[in-house]
Structures are given as structure tokens and as C-alpha cells.
1. Using a 1.4 Å probe, how large is the accessible area of Phe79, given in Å² and rounded to the nearest 10?
2. Using only the Cα atoms, what convex hull volume per residue in Å³ does the stretch 296-349 have?
3. Distance cut-off 32 Å, Cα to Cα: go down the list Lys25/Lys87; Lys87/Lys300; Lys140/Lys258; Lys136/Lys254 and report the pairs above it.
4. List the relative contact order of the chain as a percent without decimals, with contacts defined as Cα pairs under 8 Å and 6+ residues apart.
5. If you roll a 1.4 angstrom probe over the protein chains with everything in place, what fraction of the accessible area of the chain belongs to carbon and sulfur, to the nearest %?
6. Given H placed on each backbone N at 1.01 Å, which residues far from Val221 in sequence or on other chains put an amide H within less than 5 Å of it?
7. Tell me whether the stretch 162-207 comes out rounded, prolate or oblate; compute the Cα gyration tensor, take square roots of the eigenvalues as a ≥ b ≥ c, and use a/c under 1.5 as the rounded threshold.
8. Rounded to the nearest 10 Å², what accessible area does Cys122 show when all protein chains are kept and the probe is 1.4 Å?
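The values are calculated or read from the model by the stated rules, or taken from the named source; none is laboratory data. Keep in mind the model is a prediction, meaning the values are calculated, not measured. Here the Cβ is made from the backbone with ideal geometry for all residues, glycine too, and neighbour counts use every protein chain on show. Protein only, heavy atoms only, side chains kept; ligands, DNA and RNA dropped before computing areas. Shrake-Rupley method; radii C 1.70, N 1.55, O 1.52, S 1.80 Å.
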Amino acid sequence: MRVIISGGGTGGHIFPAISIANALKAADPSIEILFVGAQGKMEMEKVPAAGYEIVGLPVAGFHRKLNLRNVARNLLFPFRLIGSLMKAGSVISSFKPDVCVGVGGYASGPVLYRGAGKGVKCLIQEQNSYPGVTNKILAKRAEKICVAYPGMERFFPADKIIMTGNPVRQNLKDSVDRQSAAAEFGLDPDKKTILVIGGSLGARSINNGILATIGQIGDGVQLLWQTGAFYYDQISRKLAEHPHKGVKAMAFIKQMGKAYALADIVVSRAGASSISELAMLGKAAILVPSPNVSEDHQTKNAKALEMEGAALMVADAATDTLISEAQKALADESRIKSLGENILKFARPDAAADIAKEVIRIGTAK
């Protein structure tokens, strides 16, 4: 059996895609898997590092926020799209997949569109509570649509929907004690820890808000901060000018399982993948929805949890309140416990295996 997994652009798409691939291999090691991503995006590095082959398309997104730079990029959009459709068709013809899986991201659209056009069975993994335009269009061509939120019948045909949840990195569930987790980052295991993760690429507004208020961190609290590679040098210089005890800034946290184990509360974007990881681990969280995503789906994700008492939400324009809000929550142990217990109800730890079963069922059906 042959499977193409397409999509990427951010860790929120890439890590679930790799989790699905790993689950397929665990179910049947003979399955051949090829990834298709976008040239120049992080999947071109992360997927080979996970042991899988990947092909890059010249596709790029259409920028809704208009400035001179984005207008120039948008002029190239139709040419990149046509080139991506042509290359996707060529890849499908040569690899001959039984199933094409789309996990979201730039490459997902051309691959599923051309795959369906060539008679290949397609499966969509929709991570968010509000799908983007591409998946709404592709839904007509998909055999099944795996979702993580209830009520998706508003957007997709009800008979195609399967509630699976979002795949997460399985190694995050590995048991890690607080002492070794603290030692990994040179932090104090006895201090309350705020973990800040603005996504795999970082988040400017979160970084600026934390940097502006870092002096508010109390003596009994410490900060573990994933800045993103783009912002790391600037933040490191600022921290060197104004040193503060108990602050560990890193461009990218590779040992995320240990970071979560140390964290008492997590400040995070409200991407579907991040929420799924927080839910699986039962972590109290402050969600800061990004305003720069299609259909404002992160706000909808965050509100879905906030309504159930499963997370706190802070607007992107109010990131200068994050440290004070986190410390206020840490001072109330019953609140931290309640947030952790409530978000745990959203967890679906077997999502990757359930999606893999559906891919295999589709691929082997006559």
C-alpha cells in the first residue's frame, strides 16, 4: 500500500502528519509513505529528520494583508499554484498512491485536488473548529474527513465526518520527573514554572509582551521561553542587558516532553495541534489566539475551551498582561487543578492510530 501525506508550513501541521505516518508504519511496516510539502518551509527539514522522504512544491499562500511586499508575492501566486498543480500531478503519477492524506498547509490543496482528479482516494485531517476555504472545497472530493471538534456538520457532509481528535507527538507522553526536567534547562524544580511557546516559529506579539513585563516575575516563579529562531538573538541581547534570575530563553525546545513536565502553566498560541498536546497532558494553559490565521480559527479554538473552563484566553493585543495573568493563576492552586482536569476532557490520545486505521480501510476497500 502507498500513501502520500501532504501539507505543512508550521509545526502544527507537520508534527501531526509525522504522527500519522508513524501510526501507519506501526500498523503495517510494509506501507510506503511519501510526504509532499512546500519548498522552503520547515517540513523540508523536519520530515527527513523523522526518517521519511519528502518532495517540495513551489506553492505559497495568498496574503490577505496588503502591503507592497505582499502585493508582489500575490502577483506570483497564480504561477506558483499552476506549477504546484503540475508537479503534484507528476508526483502522483510516478508514486501511484492508494490514498492521499491532507493535513492542512499550502501543499495539501494541490495534492488532494490532483489526486482526486486521478481517481485516488483522499482523506482530510481537519484540525480546527473552523475549517479553511481549501478544506471546504476539497471536502467534496474526500472519502472521509477526520475532525477534532463537534458540530463540523456545519461545514462538511455529515456522512464523511469521523471524530478522531488531532494526532500529537507520542513521545510527549513519556514519563519525565520534575527534577530531571528542571536539570535539562538549568532551572529550579521547586519554583513554579511558566512555559511560553509561541509556536514552532515563535510569535512576535507574545515575545514583545513577555519582554516588556519580564520584571514582574516574582521570586518563586521562573520562565521557560521558546522564542522562535527569528526572534532569539534580539531577545538574548535584551536579556543580557537586563538579566533576570529564573529566565531560560531558547530558540526552539527539542526536549518538549521535559518542558511540559516542568511547566505548571503554559502560555501558547491556540493552534489545534498545540491544544491537542495540552489536552493530552492535562496542562493548565493561557491561550493567545493568533490574529494572522485564516478565518480567525484560533480564536474559535480558544473560545471553545474557555467556555468549558478548560483554558484561559488573552487577546493578542493584551500580551503585556500574560505574566501577571499567569502568576495570578499560579497563586490559585484549585484553579490550576480545575483547568488541567477540564482540558483533559478534550484529549484523544489515540487520534493518530484511529486516523491510520481509516487510511488503511480506505486504501484497501474495493
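1. Answer for Phe79: close to 150 Å² accessible.
2. Output value, Cα hull per residue: 86 Å³.
3. Listed pairs above 32 Å: Lys87/Lys300; Lys140/Lys258; Lys136/Lys254.
4. Numbers: 733 pairs, mean separation 62.2, N = 366.
Result for the chain is 17 percent.
5. 53 percent
6. Excluding prolines and chain starts, which carry no amide H, there are no hits.
7. Numbers: a/c = 2.79, a/b = 1.27, b/c = 2.19.
Here the stretch 162-207 falls in the oblate category.
8. That residue has around 0 Å² of solvent-accessible surface.
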